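The next block holds one structure in the form of structure tokens; read it before the comments.
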Amino acid sequence: MIADIAISVSELVNNAIVHGNKFARDKSVTVKLSHLNRQLTIAVTDQGCGFDPDIDPNPLAQENLIEGSRRGIFIVHQLMEKVDIIRRPTAQP
């Protein structure tokens, strides 16, 4: 379970830096952890303009099996009990 959390947070932070903030040094990534009633909540926030996870291609589809990327969110969904992706209206491009 700890390894699943570590992999997921690492993947989300990496996505936030690379895809969200596009390596911009003037933008930050925030990781917040909270624990209540035996439930751990992890929030990773970047300053990018967000994305629609529903348009990501299925990484298990035959045509995508040799793709070198675009599997991160899929992996996080497999490792975590619940994943919410929220596109904030205040995000800056």
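The values are calculated or read from the model by the stated rules, or taken from the named source; none is laboratory data. Source: prediction; values computed, not measured. Ideal geometry is used to build each Cβ from the backbone, glycine not excepted, and the neighbour counts take in all protein chains shown. To get the accessible areas, we keep the full protein, side chains included, count just its heavy atoms, and leave off ligands, DNA and RNA. Shrake-Rupley method; radii C 1.70, N 1.55, O 1.52, S 1.80 Å.
Of all residues in the stretch 12-24 being closer than 15 Å to R70 by Cβ and open to solvent by 50 Å² or more (accessible area, probe 1.4 Å), which is modelled with the highest pLDDT?
For the stretch 12-24, the residue satisfying everything is N14.
Mind listing just one residue for me: the one in the stretch 41-63 that is open to solvent by less than 80 Å² (accessible area, probe 1.4 Å) and not in a loop (DSSP other than H, G, I, E, B) and, of those, farthest from N21 (Cα to Cα)?
By that ranking, first place goes to T41.
With A6, A16 as the choices, which residue is within 12 Å of the chain's Cα centre (by Cα) and in a helix (DSSP H, G or I)?
So the residue among A6, A16 that is within 12 Å of the chain's Cα centre (by Cα) and in a helix (DSSP H, G or I) is A16.
Given the conditions (1) of a type outside the set (V, I, T); (2) surrounded by 12 or more Cβ atoms within 10 Å (Cβ to Cβ); (3) touching a Leu at 6+ places or on another chain (Cβ under 9 Å), and given that L33 satisfies all but one, which numbered condition is not satisfied?
Answer for L33: the failing condition is (2).
Would you say I66 is open to solvent by 60 Å² or more (accessible area, probe 1.4 Å) and assigned to a loop (DSSP other than H, G, I, E, B)?
It is true that I66 is open to solvent by 60 Å² or more (accessible area, probe 1.4 Å) and assigned to a loop (DSSP other than H, G, I, E, B).
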